[in-house]
Amino acid sequence: AALEGTVVRVVDGDTIHVKIGDRVEKVRYIGVNTPELHHPKRGEEPGGREALELNRQLTAGKRARLELDVQQRDRYRRLLAYVWVGDVMVNADLVRRGYAQVMTVPPNVRYQELFLKLQRDARQAGRGLWRRP
């Protein structure tokens, strides 16, 4: 199942708000995790701002297609999705560019192999969070 909507807010590197019809859904990207911006204990983590910025460039104000997996919501009632803008899957692009790490949460594993491969490549190339000092 896929839902379509417009991205009305970019919260951080892996969370957006999407207007679908007349409701706004909080959407959490499946399979990836970006550094925190507002963590209660750790505060802002290195790379959090860059991940937010990249996510904003990829999604803000754009039409997005939300591809769902087995589990559709997390315990915070956020919609869990692979987010497509045109033919780019944002989840994968963040990993490819080195600003998201793979975080697999079964049963949502559809693109796990792809994400792990992209992460290996990004790490080897020293992109994004993997940049060598």
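Values as computed for the structure displayed
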quantity	calculated
Qualifying residue in region 66-78 (condition: more than 30 Å from Gly21 (Cβ to Cβ) and at pLDDT 95 or above)	no
Index of the failed condition, Val10 passing every other in (1) in a loop (DSSP other than H, G, I, E, B); (2) modelled with pLDDT of 95 or more	(1)
Cβ pairs under 7 Å, 6+ apart, first in region 109-133 and within 12 Å of Tyr99 (Cα to Cα), second among the basic types (Lys, Arg) and open to solvent by 60 Å² or more (accessible area, probe 1.4 Å)	Leu118/Arg96; Ala122/Arg96; Ala122/Arg97; Gly126/Arg132; Arg127/Arg97; Gly128/Arg97; Trp130/Arg123
Any pair with Cβ under 7 angstrom, 6 or more apart, that starts in region 11-40 at a residue that is within 27 Å of Lys117 (Cβ to Cβ) and open to solvent by less than 40 Å² (accessible area, probe 1.4 Å) and ends at one that is in a loop (DSSP other than H, G, I, E, B) and among the aromatic types (Phe, Trp, Tyr)	Gly13/Tyr99; Gly31/Tyr111; Thr34/Tyr99
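The values are calculated or read from the model by the stated rules, or taken from the named source; none is laboratory data. The structure displayed is predicted, hence computed values, not measured ones. Virtual Cβ from ideal backbone geometry, glycine too; neighbours counted across all protein chains shown. Note: areas computed on protein heavy atoms with side chains; ligands, DNA, RNA excluded. Shrake-Rupley method; radii C 1.70, N 1.55, O 1.52, S 1.80 Å.
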